[in-house]
Amino acid sequence: MINAGLILEGGAMRGLFTAGVCDVLMENNIDFPCAMGVSAGALFGCNLKSKQIGRVVRYNTTYCNDSRYSSLISLLKTGDLYNYEFCYKTLVDELDIFDRETYNKNPMQFFAVATNAITGEPEYHDCKIANTETLDWFRASGAMPLAARPVKIGNKILVDGGISDSIPLKKMQDMGFAKNVVILTQPADYIKKENKLLPLLKINLRKYPKVIEAIKDRHIRYNNTLDFIRQEEANGNAFVIRPPAKLKVGMRETNPERLRAIYEIGRKTTISILPQLKAWLRLHIS
């Protein structure tokens, strides 16, 4: 068995790149014992565990123009740009069914990362079975302030995981995975800048000062993480799959052709490095 972990960065609809990568991995029967997804990395990456090739690009291109899926009306009425009832009930149970049975039988661990709104610290949840709570963890992982309400699960109030741990390589290493494949959604020369929406976020998140603090210095922590990933890549401890250039796609994208184009970039990028990836993984089989 491969003795390496898999880490899936978020990035809203840049996650279609990740979906393309994941589909190629599944088509080549490349399985990991453990994966950890953040935001879109959790929302889309969970289809690795349910082994549903093509599902992410299919439902996004089918429903990106459907106001039931995503709309400003939904944002104004419910506080969620992506409508809860449609996305987490109608879509997964009726229109493009999430294969809960396969998900539950797959021994791969799948962790979703969210940010605790009270502490501002990351929460890592092992989503073992595809029940309502697990779907809530996926939703919480992608609950971007200004675009989604905080999600309450048990006694926790959670928001987007990217705020506190955008690329949880160190966490995976702490869990015992010294070698990891890391899927990023920004190109190699990307440098994160300070959030320009901070004044609005301070209003939106006024109940959660620790989250505001985390957002203030997120760009510093993110760029430090990128430096660490480059170091681990150079040392042979990480195999990084990243887009060749900036992905031109919005947070809410209504053009299905653009979404498919981002997905195809993920596929082509992975196919092009598949021999190197397979060779690297062969070194880490226990």
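The values are calculated or read from the model by the stated rules, or taken from the named source; none is laboratory data. Treat the numbers as computed from the prediction; the structure is a model and nothing was measured. Cβ sites come from the backbone with ideal geometry, for glycine too, and all protein chains shown count toward neighbours. Only protein heavy atoms, including side chains, enter the accessible area calculation; ligands, DNA and RNA are left aside. Shrake-Rupley method; radii C 1.70, N 1.55, O 1.52, S 1.80 Å.
In segment 250-272, the residue that is least open to solvent (accessible area, probe 1.4 Å) out of those that are modelled with pLDDT of 95 or more and touching a strand residue (DSSP E or B) at 6+ places or on another chain (Cβ under 7 Å) is T270.
Criterion applied to P145, P150, P107 was being closer than 27 Å to I73 by Cβ and touching a residue at least 60 places away in the same chain (Cβ under 8 Å), and the one residue passing it is P145. With respect to (1) more than 19 Å from E9 (Cβ to Cβ); (2) open to solvent by 40 Å² or more (accessible area, probe 1.4 Å), the lone exception for G236 is condition (2). Of the candidates L81, L95, the single residue that is over 16 Å from A130 (Cβ atoms), aliphatic (A, V, I, L, M) and surrounded by fewer than 18 Cβ atoms within 10 Å (Cβ to Cβ) is L95. In segment 237-286, what residues are basic (K, R), assigned to a helix (DSSP H, G or I) and within 26 Å of A178 (Cβ to Cβ)? Answer for segment 237-286, where residues must be basic (K, R), assigned to a helix (DSSP H, G or I) and within 26 Å of A178 (Cβ to Cβ): K278, R282. Quick one: which of K210, K171 is of a type in the set (K, R), open to solvent by 30 Å² or more (accessible area, probe 1.4 Å), in a helix (DSSP H, G or I) and touching a Gly at 6+ places or on another chain (Cβ under 7 Å)? Criteria check complete, one pass: K210.
So, N224, is that one assigned to a helix (DSSP H, G or I), surrounded by fewer than 17 Cβ atoms within 10 Å (Cβ to Cβ), out of contact with any Leu (no Cβ under 6 Å at 6 or more places or on another chain) and not β-branched (V, I, T) or not?
yes
Scanning segment 98-118 for residues being open to solvent by 40 Å² or more (accessible area, probe 1.4 Å) and under 18 Å from the mean Cα position of the chain (by Cα) gives a total of 1. Of all the numbered requirements in (1) open to solvent by 50 Å² or more (accessible area, probe 1.4 Å); (2) touching a helix residue (DSSP H, G or I) at 6+ places or on another chain (Cβ under 8 Å), G176 misses one, and that requirement is (2). Is it fair to say Y63 is within 16 Å of T254 (Cα to Cα), out of contact with any strand residue (DSSP E or B) (no Cβ under 7 Å at 6 or more places or on another chain), open to solvent by less than 20 Å² (accessible area, probe 1.4 Å) and modelled with pLDDT of 95 or more? No, not satisfied. Does L247 count as surrounded by 14 or more Cβ atoms within 10 Å (Cβ to Cβ), at pLDDT 95 or above, of a type outside the set (S, T, Y) and within 30 Å of S67 (Cβ to Cβ)? When the stated conditions are applied, L247 passes them. Of the helices (runs of 4 or more DSSP H) lying entirely inside segment 1-75, those containing at least 1 residues that are closer than 22 Å to K192 by Cα span 15-27, 40-49.
Take F86 and decide whether it is within 21 Å of F17 (Cβ to Cβ) and either open to solvent by less than 50 Å² (accessible area, probe 1.4 Å) or touching a strand residue (DSSP E or B) at 6+ places or on another chain (Cβ under 6 Å) (or both). Answer is no for this residue. Take K192 and tell me if it is of a type outside the set (F, W, Y), outside any helix (DSSP H, G or I), surrounded by 13 or more Cβ atoms within 10 Å (Cβ to Cβ) and in contact (Cβ under 8 Å) with a residue 24 or more places away in the chain. Judged against the criteria, K192 is a match.
Taking segment 116-145 as the range and being in contact with an Asp or Glu (Cβ under 6 Å, 6 or more places away or on another chain) and outside any loop (DSSP other than H, G, I, E, B) as the test, the residues that pass are N116, P122.
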